[in-house]
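The structure under discussion appears below in the form of structure tokens.
The values are calculated or read from the model by the stated rules, or taken from the named source; none is laboratory data. These numbers come from a predicted model, not from an experiment. Using ideal geometry, Cβ is built from the backbone for each residue, glycine included, and neighbour counts are taken over all protein chains shown. Remember, those area values only see protein heavy atoms, side chains included, never the ligands or the DNA or RNA. Shrake-Rupley method; radii C 1.70, N 1.55, O 1.52, S 1.80 Å.
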Amino acid sequence: MAKWLQRVSWTVLALLALGAAAVAWYWQAVLPQVQGEMRLSGLRAELRIERDAHGIPTIRAASARDAYFGLGVAHAQDRLWQMETHRRIGAGRLAEAFGEGALETDRFLRILGVRRTAAAQWQRLPAESREALQAYADGVNAVLREQLAARPPEFVILGLQPEPWDPVDSLAWAIMMAWDLGGNWGTELLRLRLALQMPVARIDQMLPPYPGEAPLATADYAALFRGLKLGAGGIATAWQRLPDIAPPSGIEGVGSNNWVVAGSHSRSGHPLLANDPHLKLSAPALWYFARLEAPGLKVAGATLPGLPVVVLGQNADLAWGVTNTGPDVQDLYLEQIDLNDPARYRTPEGWAAFETGTELIKVKGKPDVSITVRRTRHGPVISDAGGHADVLGPRDQPAYALAMRWTALDEGNDPIAPGLGMQRARSVAGFIAAAQAWPVPMQNMVVADRAGHIGYLAPGHVPLRKPENDLEGLVPAPGWDARYDWDGWVPLDQTPRELDPERGWIATANQRITAPGYAYFMTSEWAAPYRFERIAQMLRSRPQHSLDDFAAMHADVKSLAAPVLLPWLLKAQSSHALAAAARSQLQGFDGTMERERAAPLIYWAWQRQLARGIFMDDAGAALWERSLATRTFQDALEGVLQRDDTGWCDDRGTPAVETCAMQSDAAFTRALDELQTTWGSDVAQWRWGNSHQLRAEHRPFSRVKLLAKLFELRAPVGGDTHTVNVSRVGLKPDVTTGELYLDEHGPSLRALYDVADPAQSRVIHSSGQSGIVFSPLYRSFVEPWAQVQYVPLWPRGTPAQALLVKPAN
């Protein structure tokens, strides 16, 4: 017996030792080779990948083609799982890896036709674009074939094998980036849903126009939809069920900041430039810093894993940064279906057949799902993603489908050639000439060169709408009426631009960028100008600036939006036991959203409750939770409270008539109830940063409790939706944890550029260079990012690791 126990003990110990050895081996094997020598097929000449202490590679190659190959190598080494998710999103293949929960997303992406469009674009690309994409794919695939010692943990846990990278995967991801920056179709659908419940004038108050402007003059689209019987019987429910796989309705906090000053406004006497694009925060970050050096090419900055170019950055002669312009480049069309032949739809010339195809979606652990995809003359029939087949509404009424026209689905787009030209440009004029061909998404680009010039350009395809179009792209239009068809493009040489302005600076923050009298319609839905106004305040606050001044601007958490509503909070009455303590915390609060204070938390809890109290009864609880709960309603609240509009403030669900003051009082009480439940009764211990945390989502393990703490990234932050240091306030409970006020959308990177002295240029993004969770570089940027600190853009001193890569043949 004793011998048997001894043998069992030794066996257990041996198995534990083997397990520990296997874990130790995997821990090291999964990390990429970053030193020594490596041989890869497909490389034409030797190249060096020199990484600094932060993991930022400098890729030194004998040709631009090999530099793109080297970037593919670095991306595959550090971000392979991220690239896998990008590929699957673009192809609509998430359910194959993640299961049935991703089927709805796949269905929509297949119907949208992202990868089909990318494949068509690939066939039409010019030689230089094709060579760059192919070289990049060759670098990725060489690592997969010849140097992948162990799969990243996500592949292992999910039982997946990496697949070869295809240039079409890169183009599909470029389209998805345009999707992330263009949510106009979601707002069109929201207006349709609201129009089934309220008149247009009321919608214009709930979704107000840009400050100081009147609502866009349109036809009475609520009456139009009633005439089409969209609200009849079961059809209203059908419209409500249409998919919401889009950026959140509305554009609050969406976009970015950039600004540039001429030498006359800098302490160095040379231009300085700042940029911070605001995107969904992820683990790892969307961006990957890299430097590319080859004959005729020297550029450093932010790349996107999956693409072969430096998207934002600096070369030897200039620097550039972008924000989202946000033009209206998506239109929805109601397509009337022939009741006698549901394979046809109505056009201006009569009935025409839908273009149809079949897609097979693989679902992990479930049978494959076959779907039919349809297109009209306008584009994909996205309503098919709602599972309604041919009919939206009662079969004894005229029935409709919903199709989308979107610039990013045009097969002639080339997103690569302009990027290659921009990173090689030698002057502001040369940069503008290269960038002018940029197709989608339209961007506000600021640029500065060593010669002292500064400039601005908004390149991109923007549709021309006909003068007789009386809906202006605000809502879905009758697809059989030719007046709603697009009529060409805004000429590429007439999009907004500016060169060396007399004021000595240029800034954009997604505000209206077209001057009065501009000849072309861009959109009526610009972001509120609070961030731009704050940037302008700070630029005007001193005659000359340094990069350190720009860093302080990046860190600024003073909201110009909060003081507009704050007087209503300060005079709110409540019998709540914590009301006096809360008022004490609000003393002296001026809208500065510091993470260590309680006042911002009290303010946002009150604003959230106030918006719900005023608007939810009109919209209805179902539509509110589906499409409106994430909005701040800052602009609408300003209007309602300024007018003291009892028509909105009265709660339709009670016999009494509530005033706006009563709604504010009740919101204050509900906010205190909420915060007491979450944070306890000691108001002095409440902290904005405890609720308002960076949450960088990991796909898919943020939704797995046991893995979320390991894979996702968190840090307390200040700021809010309207501050220069943007951190969009999450107003809907997180689907996994139930938390409110999380920050999941903000500065995906920050960059400061000195064009005369590049050694002073500095950058940061929100995670770390590595996408491998066991690497110390997986989360190395999180705390510096939260503290608004930076790392050098250009290499300094001896590299921390140097890898010599030689051709295998």
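Within the stretch 303-334, the residues that satisfy the criterion of being polar (S, T, N, Q) and either part of a strand (DSSP E or B) or within 26 Å of residue 72 (Cβ to Cβ) (or both) are 303, 314, 315, 323, 324, 330. On the stretch given as the stretch 662-678, residues that are open to solvent by 10 Å² or more (accessible area, probe 1.4 Å) and hydrophobic (A, V, I, L, M, F, W, C) total 2. Is it the case, given these coordinates, that residue 339 is among the aliphatic types (A, V, I, L, M) and part of a loop (DSSP other than H, G, I, E, B)? In short, yes. Filtering the stretch 591-617 to residues that are open to solvent by 10 Å² or more (accessible area, probe 1.4 Å), under 21 Å from residue 208 (Cβ atoms) and in contact with a helix residue (DSSP H, G or I) (Cβ under 7 Å, 6 or more places away or on another chain) leaves 609, 613, 616. Among the residues of the stretch 276-293, is any farther than 26 Å from residue 55 by Cα, among the basic types (Lys, Arg) and open to solvent by 30 Å² or more (accessible area, probe 1.4 Å)? Checked the stretch 276-293: no residue is farther than 26 Å from residue 55 by Cα, among the basic types (Lys, Arg) and open to solvent by 30 Å² or more (accessible area, probe 1.4 Å). Can you tell me which residue is nearest to residue 131 (Cα to Cα) among those in the stretch 60-77 that are open to solvent by 10 Å² or more (accessible area, probe 1.4 Å) and within 26 Å of the chain's Cα centre (by Cα)? Out of the qualifying residues, it is 68.
Of all residues in the stretch 481-503, those satisfying the criterion of being buried (at least 18 other Cβ atoms within 10 Å of the Cβ), in a loop (DSSP other than H, G, I, E, B) and either touching a Pro at 6+ places or on another chain (Cβ under 9 Å) or modelled with pLDDT under 95 (or both) are 485, 490, 495. Filtering the stretch 679-711 to residues that are open to solvent by less than 10 Å² (accessible area, probe 1.4 Å) and more than 23 Å from the chain's Cα centre (by Cα) leaves 683, 686, 688. Total residues in the stretch 295-334 satisfying the condition of being closer than 20 Å to residue 429 by Cβ, touching a residue at least 40 places away in the same chain (Cβ under 8 Å) and not aliphatic (A, V, I, L, M): the figure is 7. Is it the case that the stretch 635-649 has a residue that's open to solvent by less than 10 Å² (accessible area, probe 1.4 Å) and closer than 18 Å to residue 190 by Cα? Yes: the stretch 635-649 contains one or more residues that are open to solvent by less than 10 Å² (accessible area, probe 1.4 Å) and closer than 18 Å to residue 190 by Cα. Each residue in the stretch 504-540 was checked for being among the hydroxyl-bearing types (Ser, Thr, Tyr) and open to solvent by 40 Å² or more (accessible area, probe 1.4 Å), and 2 pass. Reported count of residues in the stretch 572-610, each being part of a helix (DSSP H, G or I) and touching a residue at least 40 places away in the same chain (Cβ under 8 Å), is 17. If you check residue 552 against the conditions, is it open to solvent by less than 10 Å² (accessible area, probe 1.4 Å), over 23 Å from residue 435 (Cβ atoms), of a type in the set (Gly, Ala, Ser) and out of contact with any Phe, Trp or Tyr (no Cβ under 6 Å at 6 or more places or on another chain)? So residue 552 fails the test. Of all residues assigned to the stretch 423-433, none qualifies as being part of a strand (DSSP E or B) and of a type in the set (A, V, I, L, M, F, W, C). Output yes when any residue across the stretch 650-661 is in a helix (DSSP H, G or I), open to solvent by 10 Å² or more (accessible area, probe 1.4 Å) and closer than 29 Å to residue 529 by Cβ, and no when none is. For the stretch 650-661, residues in a helix (DSSP H, G or I), open to solvent by 10 Å² or more (accessible area, probe 1.4 Å) and closer than 29 Å to residue 529 by Cβ: present. Looking only at the stretch 144-187, residues that are surrounded by fewer than 23 Cβ atoms within 10 Å (Cβ to Cβ), acidic (Asp, Glu) and either more than 19 Å from the chain's Cα centre (by Cα) or farther than 30 Å from residue 125 by Cα (or both) come to 3 in all. Restricted to the stretch 555-571, and to residues there that are without any contact (Cβ under 8 Å) to a residue 60 or more places away in the chain and closer than 20 Å to residue 635 by Cβ, the residue that is least open to solvent (accessible area, probe 1.4 Å) is 566. Figure legend. Inter-residue proximity from the stretch 185-199: first residues of a type in the set (Ser, Thr, Tyr), second residues open to solvent by 10 Å² or more (accessible area, probe 1.4 Å), beta-carbon distance below 6 Å, spacing 6+ or different chains. Indicated pairs: 187/249. Would it be correct to say that residue 80 is open to solvent by 10 Å² or more (accessible area, probe 1.4 Å) and of a type outside the set (Ser, Thr, Tyr)? Against the criterion (open to solvent by 10 Å² or more (accessible area, probe 1.4 Å) and of a type outside the set (Ser, Thr, Tyr)), residue 80 qualifies. When residue 357 is tested against (1) part of a strand (DSSP E or B); (2) within 15 Å of residue 107 (Cβ to Cβ); (3) in contact (Cβ under 8 Å) with a residue 60 or more places away in the chain; (4) open to solvent by 10 Å² or more (accessible area, probe 1.4 Å), only condition (3) is not met. Taking residue 733 and the conditions (1) farther than 24 Å from residue 531 by Cα; (2) open to solvent by 30 Å² or more (accessible area, probe 1.4 Å); (3) more than 20 Å from the chain's Cα centre (by Cα), which numbered condition does it fall short on, given that it satisfies the others? In the conditions (1) farther than 24 Å from residue 531 by Cα; (2) open to solvent by 30 Å² or more (accessible area, probe 1.4 Å); (3) more than 20 Å from the chain's Cα centre (by Cα), residue 733 misses (3) alone. Examine the stretch 239-259 for a residue that is modelled with pLDDT of 95 or more and open to solvent by 10 Å² or more (accessible area, probe 1.4 Å), and state whether such a residue exists. No; the residues of the stretch 239-259 include none that is modelled with pLDDT of 95 or more and open to solvent by 10 Å² or more (accessible area, probe 1.4 Å). The residue of the stretch 107-136 that is farthest from residue 422 (Cα to Cα), among those that are charged (D, E, K, R) and buried (at least 19 other Cβ atoms within 10 Å of the Cβ), is 107.
Residues of the stretch 115-124 include none that is farther than 25 Å from residue 406 by Cβ and without any contact (Cβ under 8 Å) to a residue 12 or more places away in the chain.
Between 423, 397, the distinction of being surrounded by 17 or more Cβ atoms within 10 Å (Cβ to Cβ), at pLDDT below 95 and in contact with a Gly (Cβ under 9 Å, 6 or more places away or on another chain) belongs to 397 only. In summary, residue 714 fulfils each of the numbered conditions (1) surrounded by 22 or more Cβ atoms within 10 Å (Cβ to Cβ); (2) more than 30 Å from residue 264 (Cβ to Cβ) with the single exception of condition (1).
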